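One structure below.
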Amino acid sequence: MAPDRLRRALLAEVSAVGITLSTDQISVLSKYLALVSRWRRRARLTAVADPIDAARVHIADSLLVLRAGVPAGASLIDVGSGAGLPGIPLKVARPDLDLTLLEPEARRAAFLEVAATELSLPLRVVVARAEDAAKEPSLREQFDVAAARAVAPLPAVCELTLPFVRAGGKTVLLKGPSVRGELQDGRAASYVLGGGEPALIDARLAGGERRVIVVIPKTGRTPVEFPRRSGIPQRRPLKR
């Protein structure tokens, strides 16, 4: 694909969600999408093959995290980073962020290290499952923001993200409209895990895709028994 065409698409897509980026930032994101395209099959990064589509459903979507309000110089952990989403687009848009990418799968983590080097982005990659990493003192309740593009039910994602957040911080989750049906159990899980009342922010991508940004404040400490061991949060989500 012609680089100029991709850069124009990126500019249009991020502008559509209210984000202003410099020419240099757009160029870095274009290079990032080219890296994702090259590694897509090798590391099983994404099913989205067209970089133009990726500009919308990956880049613009990731940048919706900023609508939740991310303080200057915040420490942010991207839980279940995969191809580096939402973390890498956020780091490009906000170089002030202290970014950690948490990814359990070795091939994807290798891609993240390559992307950080190729794009000259200072960040940290941690290869571990969230359930294990959140028990580490260097990671537990050490972040201002935990972000995730969440496909698991809201109670499970709460358990996988809130333990990383210090009191006064927040978890920011990118979900689809169906999250409203998960809200009651998600609210109950949040309270158990030291979180507060979830807030929902509706958003729409340029292609018409509806998104919901779930913002959960961290109001206290997460009890030491959470998160439960690997796989349990998804198989037995906390409920009211």
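The values are calculated or read from the model by the stated rules, or taken from the named source; none is laboratory data. Note that the structure is a prediction, hence the values are computed from the model and not measured. Cβ sites come from the backbone with ideal geometry, for glycine too, and all protein chains shown count toward neighbours.
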Scan of the stretch 143-157 for residues that are in contact (Cβ under 8 Å) with a residue 12 or more places away in the chain, under 17 Å from residue 103 (Cα atoms) and not charged (D, E, K, R), ordered by number: 143, 145, 146, 147, 148, 150, 152, 156, 157
Entirely in the stretch 17-124, the helices (runs of 4 or more DSSP H) that have 2 or more residues that are modelled with pLDDT of 95 or more: 23-39, 87-93, 106-118
Leading residue by the ranking (nearest to residue 159 (Cα to Cα)) among those in the stretch 207-233 that are surrounded by fewer than 16 Cβ atoms within 10 Å (Cβ to Cβ) and in contact (Cβ under 8 Å) with a residue 60 or more places away in the chain: 228
